[in-house]
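Single-structure report; data block below.
The values are calculated or read from the model by the stated rules, or taken from the named source; none is laboratory data. These numbers were taken from a predicted model, which means no experiment stands behind them. Reconstructed Cβ throughout: ideal geometry from the backbone, glycine too, with neighbour counts over all protein chains shown.
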Amino acid sequence: MSLNRTLAGNRAIGALRPFGLSGRLLLVGVTTATLASALIWQTIQADSPSLSINSKLWFSVVVLPALSSLITVGAALFSMTRLRPQLQAPAHRFRKIFEGAAIGIGLDSLTGTIVESNPALQAMLGYSREELTQMTFSEFTHPDDRAADVELFNDMISGHRDSYQVEKRHLRKDGEAVWVRMTNSLVRNAQGAPQYTIAVAEDITPLKQAQERVQLYGDIVKRMQMGLLVWQLADVQDVQSFRLVECNP
């Protein structure tokens, strides 16, 4: 008998499998309430053997609680089903922003391992998502910038700061250096304990190259063997606004 009941229970669970977790929870809830009511009825019938299952008391003790539990659990599961899309919507929006961002974003563990990266960061570094998950951020940081970056990271993990920003060089897979302005922020759980970090990296290589050219031109002007004056006319309608702004030694 117990084997037949077990097989019947398994068949019932299998029939509800297409309905997912909600269907199985509904079956468990109704079954639990029915078994509890049946036990109560057996106790009452043991004291009053004359009672039959056709009596009003049987209907009140067994049938009504089972129906009530069916309605209650069903309503709760229906509400969960209606709310699930609303609860999933923020995560879906974050995923779309994360995947579509034009700047590199990486989620790092507390040891610096890359847990997740977006396509922009992967393109910036020349590594695939799978390759990055096997690396720490220090592995693609330029050796000259590594010590300062690691010190700031450890300072943040230890709780002395919540975030930091630094300009440093990343080394692509092909060996090319990329200047980035990176902002790294610490994310904590509800209890305030550090969970992971979010690093946002902006490619500033063109800006650095422009700054280097300006510096180069400035050095050339300072070393010229002839006098050089730079004037500026602030207002083309006013000759008096003509000002000397720079001259070489």
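Results for (1) modelled with pLDDT of 95 or more; (2) crowded, with 16+ Cβ neighbours inside 10 Å; (3) under 15 Å from the mean Cα position of the chain (by Cα), shown as yes or no for each residue.
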site	(1), (2), (3)
Leu171	yes, yes, no
Arg188	no, no, yes
Ile198	no, yes, yes
Glu202	no, yes, no
Lys208	no, yes, no
Gln215	no, no, no
Asp219	no, no, no
### Query
Can you name every residue in the range 149-179 that is charged (D, E, K, R) and either within 23 Å of Gly100 (Cα to Cα) or not in a helix (DSSP H, G or I) (or both)?
Arg161, Asp162, Glu167, Lys168, Arg169, Arg172, Lys173, Asp174, Glu176
## Note on the structure
Here the residues within the range 125-182 that are touching a Leu at 6+ places or on another chain (Cβ under 7 Å), of a type in the set (Phe, Trp, Tyr) and closer than 17 Å to Val115 by Cα are Phe140
### Residue satisfying all of: in the range 149-158; surrounded by 14 or more Cβ atoms within 10 Å (Cβ to Cβ) and not β-branched (Val, Ile, Thr); farthest from Val178 (Cα to Cα) among these
Met156
### Task
Please tell me if Arg146 is basic (Lys, Arg), surrounded by 12 or more Cβ atoms within 10 Å (Cβ to Cβ) and part of a helix (DSSP H, G or I).
yes
